[in-house]
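Inspection log for the structure reproduced underneath, given as structure tokens.
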């Protein structure tokens, strides 16, 4: 997690390769979160070039099996 604006419920995330990508209100609202803090590890779902879902790395992601992934 790089940035989060609680007023708009949007912000940006850093990918593991250092790429920064934005996420909008819809992606934040799709998940169970109430707020995010800079530096938190998150899981995201991306459709094309758009983040559609964001949640903490310890929370399950819809459509993905729970637990560590290979």
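Values quoted throughout were computed directly from the atomic coordinates according to the rules given, and no laboratory measurement underlies them. Worth saying up front: this structure is predicted, and the values here are computed from it rather than measured. So basically every Cβ, Gly included, is an ideal-geometry build from the backbone, and we count neighbours across all protein chains shown.
Spin-label pair residue 37-residue 64: with each label point 7 Å from Cα along the Cα-Cβ axis, the two points sit 2.2 nm from one another. Taken over the chain, the alpha-carbon convex hull comes to 95 cubic angstrom per residue.
Across the chain, Cα pairs under 8 Å and at least six residues apart give a relative contact order of 26 percent.
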